[in-house]
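Written out below as structure tokens is the structure these notes cover.
The values are calculated or read from the model by the stated rules, or taken from the named source; none is laboratory data. Since this is a predicted model, take the numbers as computed values, not measurements. In this analysis, Cβ positions are derived from the backbone assuming ideal geometry, glycine residues included, and neighbour counts consider all displayed protein chains. We work out accessible area using only protein heavy atoms, side chains counted, and drop any ligands, DNA or RNA first. Shrake-Rupley method; radii C 1.70, N 1.55, O 1.52, S 1.80 Å.
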Amino acid sequence: MDIRRLEARDIPLIQHANLENLPENYFMKYYLYHALSWPQLSYVAVDVSRPKKTPYDYPKIVGYVLAKMEEEPSDGVQHGHITSLSVMRTHRRLGIAEKLMRQSQLAMVETFGAQYVSLHVRVSNKAAIHLYTKTLGFDQEKTEPKYYADGEDAHCMRLDLSSIREQIRDAQLDAEDDNNNNNGDNNNNGGDEPLDEGDPVGDAGKADDKKALPNRPKETKRKVKVGRALGVQALVEKDESKHS
Ligand code: ACO
């Protein structure tokens, strides 16, 4: 199984998965709006083990998460939102939804500095409620009556993303420490002296570059006409090799 970012060419397949798995469906342009506006946040699970029948056989998409950033957050806090998540029946309870969600949450923090992520879920959706509250740690904020078109209520949930921010910061600090240790090893002078970067390589690129590249013929400067006053002919590329 491969989890990768949603690409525009995946959209018909995730629309198909959405129609199979959920009563909330969207126009194609709504998927495209997500893919174009926040390309870092939506992911697909692709069954790469499935043998290709023809060279044009597109890999099977078995799950997706469609996510966005809230454009005008009412609380003024930068946060992400899960628009839709689903996994095909044939591939459920393998941890795919959890992986898709975690990947999207990480990208929300890394790319957009999201403070939290929110979502709505039907009050009757036991599987999804388990995933959000027990596996991922979402809090149930409130219940919105008749949120869905068929009159069902929705739980509004949110997950604070500060633990992901800390993980990213710790990883950065570890990488900096490794870097410093490696520099110290290469230095071998106890770290007090500046690093010996060796002798200058040469004068290449300096104004008088004949010294650095003695065999190179001296470049001659040639005046060229530029500007709006030129006719189209003057702008057509010419073979000027004979002139030089
Ligand atoms: N009943 C109880 N718990 C379940 C069920 C179930 N039917 N299915 C999964 N879980 C639990 C798993 O046991 C696991 O719990 P654990 O961490 O304690 O072991 C956890 O949920 C995560 O399981 P995953 O294998 O990652 O979930 P899966 O890949 O099966 O996908 C999903 C779960 C997305 C809810 C899937 O059942 C589905 O596609 N349902 C239909 C569409 C849907 O309801 N989408 C969510 C709508 S809300 C929204 O889109 C914002």
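The table that follows gives values for the structure above.
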| item | result |
| --- | --- |
| When each of Lys29/Lys146; Lys99/Lys126; Lys29/Lys142; Lys29/Lys68; Lys99/Lys146; Lys29/Lys53 is checked by Cα-Cα distance, pairs over 22 Å | Lys29/Lys146; Lys29/Lys142; Lys99/Lys146; Lys29/Lys53 |
| Tyr33-Glu71 pseudo-label distance in nm [points 7 Å out on the Cα-to-Cβ vector] | 0.7 |
| Protection-proxy order for peptides 57-68, 22-33, 118-129, each taking the mean of Cβ atoms within 10 Å per residue, highest first | 57-68, 118-129, 22-33 |
| Computed FRET value (nearest 0.05) for Arg89 with Ser124, which takes r as the C-beta separation and R₀ as 22 Å | 0.80 |
| Fraction of accessible area attributable to carbon and sulfur, the stretch 59-168 (%, probe 1.4 Å) | 46 |
| Pairwise FRET efficiency - Glu24 versus Lys60, Cβ, R0 = 22 Å, nearest 0.05 | 0.45 |
| Cα-projected label distance for Cys156 with Leu173, points at 7 Å along beta-carbon direction, nm | 3.5 |
